[in-house]
Amino acid sequence: MRVNSVQVTGTYFTVDDFSQTDTIDIFPIFEIIYWAVIVQIYFGQNPDIFGEGWKKAIIPVKIAAKAIADATRKASGNICLNRLWNITLVSERAEQDIPSLINLAIGERYAKLRHPGHENCTPEQCDFTSLDATRVTQLHQCPETDADCRMTKLHFDPTLLKVSIESGGGTVWSIDAPFQVLRDQKYIAISHVWADGTGIGLEPAGKVNACLFEYFAGMARALRCQGIWWDTISIPTDPKLRGKAINEMHNNYSNAQFTVLHDSYLANLEWADDGTPCLAVILSPWFTRGWTALECIMSRKIKVIFKKPGTTTYEPLLKDLDEEVLAQDPSCCSRGHWIASTIIRRLRQPNQATGDIEAAENKDIIQNVSDLLAVLQPRSTSWSRDRMIIAGLLAGVEVQYSESAAAITKKICQKLKYINPVSLVHDKTPLSESGPWSWCPKFLYDMPASPPSDFHGRYHQGLIRNGAIKLPAYTWYRRVTKQDVLQRRIIPFSTHPSVSFKIEAALEEEWHNCLVLELTPMVALLVATIEDNLPVASAAAQLESQSGQTLLCRYIGSVRVFEDKTFHERLTLGRTKMSNFIIGSSNEFPEFAVRNNLQRLTHLPQSQRIIQNVLKWDEQVWIGDRIDGELFVPKRIKEKLSFGHFLEVAMHEVEIKYDSTNDEITPALATTPCFAISGKGLIEKVSKAWSLETPLYSLVGVGLRWPPPSIPSAERVERRGKTLQQKTIEFPTNSFMLEFSNDTFTYSAIKKENIEPSDTHPYQGIWACISPTGAYELHLFQQPEPAEIIATKITRTWDGPPAGSPVFRAEDIENQLLLYSNNKIDCDISLKVDVDDSPKWTSRYFHFLDRNTINMVPDSDFDDEDGKEQVLWKYRRVPSAVFFPPENTRCRTPPPRHFLHSRYQ
Ligand SMILES: [Zn+2]
Ligand SMILES: [Zn+2]
């Protein structure tokens, strides 16, 4: 089951005063349910209703809004808003996780999480992000009075480093003087933030403060290591060696016994067992830096430096990140602690999250582009090029500083092979206009990351091959309709002119090839099929999705779609379907049956339609080919007809009330019209009682049927699939079509002259056929000959043949007509009745009471024992005044001056 939204109202009555209502905040209740679900999942019981994980779409925005606003307000001025919101880029429920995180620390503990100097940071921008951390004075870990330390520096000779590298050795230093570059000894690696002054700063190469080195060396001793790898002294300054060393960077962490995490923000936070240290880690500067992500992923064991409780400065306390800082069991910790832990754990074990078997072989390398993005998205570096280098290293791709961002992005995608659909929904210009890489932005980071719950193993990931993408099987999609375009329901997500232009051009020029892929709850992906589809006005219903088939598409761009129906409704209506997709190129996935199954349509090309809305609507009624039939009487809405303005017409049905006591009918038009055709030739208003769906309206051209409806003919065939020559002038008829997602109905006009009785045709017209129960159908009487009546069903109320079927044919009524003033004269007619689907003709008799009143009786001896007439059906004429309301004739429709052809042909 798919839960997309929950309708909730949060009011209740107070016990003592029923007139007062109070509003309760039910977000905490959802939080408890969420919590219960998380605990259940942890213990291996995944509740079915959350089959796809708990995503933020489960809770309506309005319910979470207040809690999120409150939490953000609480954070403001204390916690950097940029860091806080960056967390939502990668957390499970995005911004809905903010309240839990912020409420994790209370009182004094909360004050300790303060980010001094970040008071003016906005959710989008942190003032410290772009700070050049390489020019910060080196940190001292000694009292300020220690003048000796302030004067002397330790020296780690860069030439020793150079010699070691050139001879294939490492870059680990011994912790005791004389300082040597070690080989094969156990060492710790330092993961730190340069902004703290733990980098080289303004010092000459190899010079570091003695107290600072001793601070780290002491930790190495405590962890039983002889060496230290610290980029401040371990990365050579020589540009060539430096490039080599940077590409080896991750190995220095994966080979270390321990990685010691130093961040002044954390080192100054007193350790506590309440989960706040974990929250502090994700709010720390360390967590915002790009390089530290690489270090975090590559490290085997991470020891985080916190402040020992109850001590003054310089008293570090090392805590194991995985075992002590992160929560181990959701049932024994706070929500915020678990949420923070999940975010860090994903960084620690990127492959475990995917449950992938390949992960075991290639343990240290991320294998999904979206996963890489989740790691790197909230981070920044002093140099934007570094971000690409880091991404390359994490992906296991060797990259050079000289390479372009586009080249690195391609390399990474190619290497990682997998991508989550959500990452395709970006708003940037792609690397390539068409074909391979046409879905991929130049800068890897411009693709959105996906929340942890988006990981369900390989089945839910897209596969990248030579710049083409095969989306995960069964992607939800629907076709774009002409209505979408005319009503501007599909809006480019990007504000960049080149991207929005491409989307708008595709919608205008080839809407019939466009598909909306529902990859995220908020933003969809617009693609177009490679093969040309028939431009059918609506056609969602005609999508024949067969398993195993794959639609080959071009990437157009990300769009917002304004749907008039919920996902569930669209599913019910058959508007949303599932299929397999390949975007980018056909040749990359030859093993898949690639074909364009949208062409399997049952409809005619648009070129045979008349897309104009000048319906000659007065003095006519319309009958429909729905199985129960329909009779529409138009009523003009707009009184004034101005130049260039088309008529607006509402279509009403006829309602008949039958009073059996007086044997009288009261026919009238239903007050509420079924639908209205707007001046733009669109159906914009629909009565819910008539249809829950808004059909597409179009006139039927003569090309559709032969002979054209204007020529009387016993038979008419529909010309399906036959293409008329483009230049053929198509005369509009007065037939129109209503296209629903699952069905199309045609409505044809009956002219006034065929409805109003005349001296020669006294019985022609529309009659209400009233059954003994009082129910009625509408039948059309035609008189091809004065002595003949042919009745056809217009609407169907009881079982039997559908609307449009003949009811009876009465021949030789002439004699009776002459005698119709005599009440007791009947006529012999043949009546076609369906019994058990076997049609047979039986005789019925007409009893003409007057020109507007006929009774149908079983036999000529129509009186029963009481002398009362036994009536089968009563026919009562519906006066033609009902069909032709006087207001319609006030201003006649001008004849159409020209035919408007669709520009969407
Ligand atoms: Zn900030
Ligand atoms: Zn010092």
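Numbers below:
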quantity	calculated
Failed condition for Leu269, given (1) closer than 22 Å to Val181 by Cα; (2) at pLDDT 90 or above	(1)
The lone exception for Gln45 - which of (1) at pLDDT 85 or above; (2) more than 16 Å from ligand 1 (Cβ to nearest atom) it fails	(1)
Test: residue in the stretch 354-370 that is at pLDDT 80 or above, of a type outside the set (D, E, K, R), part of a helix (DSSP H, G or I) and buried (at least 23 other Cβ atoms within 10 Å of the Cβ)	yes
In the stretch 203-229, residue nearest to ligand 1 (Cβ to nearest atom) [restricted to those that are of a type in the set (Phe, Trp, Tyr) and closer than 15 Å to Ile302 by Cβ]	Phe216
Check on Ser264, among the small types (Gly, Ala, Ser), away from ligand 2 (no atom under 16 Å from the Cβ) and in the same structural domain as Ser341 (by TED's automatic domain parsing)	no
Filter pass, Ala105 being among the aliphatic types (A, V, I, L, M) and surrounded by fewer than 19 Cβ atoms within 10 Å (Cβ to Cβ)	no
Among the candidates Thr88, Thr129, residue that is within 10 Å of ligand 1 (Cβ to nearest atom) and at pLDDT below 90	Thr129
Condition check for Ala787: closer than 26 Å to Pro885 by Cβ and either buried (at least 16 other Cβ atoms within 10 Å of the Cβ) or touching a helix residue (DSSP H, G or I) at 6+ places or on another chain (Cβ under 9 Å) (or both)	no
Residues of the stretch 198-214 that turn out to be away from ligand 2 (no atom under 16 Å from the Cβ) and crowded, with 18+ Cβ neighbours inside 10 Å, as a count	1
Failed item, numbered, when Phe18 is tested on (1) modelled with pLDDT of 85 or more; (2) surrounded by fewer than 20 Cβ atoms within 10 Å (Cβ to Cβ)	(1)
Qualifying position, being within 16 Å of ligand 2 (Cβ to nearest atom), touching a residue at least 40 places away in the same chain (Cβ under 8 Å) and not polar (S, T, N, Q), among Ala195, Ala217, Ala256	Ala217
Those strands (runs of 3 or more DSSP E) lying entirely in the stretch 751-830 with at least 1 residues modelled with pLDDT under 80	806-810
Some residue of the stretch 106-122 being under 27 Å from Ser284 (Cβ atoms), in contact with a Phe, Trp or Tyr (Cβ under 6 Å, 6 or more places away or on another chain) and either within 16 Å of ligand 2 (Cβ to nearest atom) or not assigned by TED's automatic domain parsing to the domain that holds Thr72 (or both)	no
Qualifying positions in the stretch 187-239 - farther than 23 Å from Ser254 by Cβ and charged (D, E, K, R)	Asp196, Glu203, Lys207, Glu214, Asp238
Residues of the stretch 123-164 satisfying the condition of being among the small types (Gly, Ala, Ser) and within 15 Å of ligand 2 (Cβ to nearest atom)	Ala147
Members of the stretch 144-168 that are outside any helix (DSSP H, G or I), more than 12 Å from Ser234 (Cβ to Cβ) and not hydroxyl-bearing (Ser, Thr, Tyr)	Glu144, Asp146, Lys153, Leu154, His155, Asp157, Gly168
Number of positions in the stretch 142-193 that are under 30 Å from Pro116 (Cβ atoms), buried (at least 20 other Cβ atoms within 10 Å of the Cβ) and away from ligand 1 (no atom under 16 Å from the Cβ)	5
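Residues checked against (1) outside any loop (DSSP other than H, G, I, E, B); (2) more than 30 Å from Ile491 (Cβ to Cβ); (3) at pLDDT below 85:
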| position | (1), (2), (3) |
| --- | --- |
| Ile389 | yes, yes, yes |
| Leu393 | yes, yes, yes |
| Val399 | no, yes, yes |
| Ile408 | yes, yes, no |
| Ile412 | yes, yes, no |
| Lys415 | yes, yes, no |
| Ser423 | yes, no, no |
| Asp427 | no, no, no |
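The values are calculated or read from the model by the stated rules, or taken from the named source; none is laboratory data. Note that this is a predicted model, so its numbers are computed, not measured. Quick reminder, even Gly has a Cβ in these numbers, built from the backbone with ideal geometry, and neighbours come from all protein chains shown.
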